Amino acid sequence: METYETLSEAMNALKAAGYNEDFNLHPEWIESSSSKLRLNPEEFHIDSVHRFEGMTNPSDSAVLYAISSTQGAKGLLVDAYGAYADSISPVMIEKLRIDSNTGTGAEERSAEKVKRSELKK
């Protein structure tokens, strides 16, 4: 996973890589105000997570999420460290956690779903 020195550097690089939607966090979903795209937790995946700490003030910390949707949209969500933790649903909190699929491309996730469904048979 690529590392970046600043939040703006990361945002610029990810936008150049096609993460063009600007997502806002709601208690039960994320939404892009420009395209009016609204995604429930099962409709998106966290592709990568980047953390940034303020140099002079620890409260200037942020987390940048690179997100891809099941519809093919890609975008970014910026969260001040834990600022929304008390105002979002437990399902959304779980979705925003880094898991074993974070950093895995869509092709690998699809292959993993096929493997799991075949194991259930």
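What the table shows:
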quantity	calculated
DSSP-loop trypsin sites (Lys or Arg not before Pro) across region 1-82, with at most 11 other Cβ within 10 angstrom	Lys36
Exposure proxy ranking, count of Cβ atoms within 10 Å, fewest first, for Asp47, Asp79	Asp79, Asp47
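Bear in mind that the values in this text are calculations on the coordinates, not laboratory data. This is a predicted model, so every value here is computed, not measured. We place every Cβ from the backbone using ideal geometry, glycine too, and count neighbours over all the protein chains shown.
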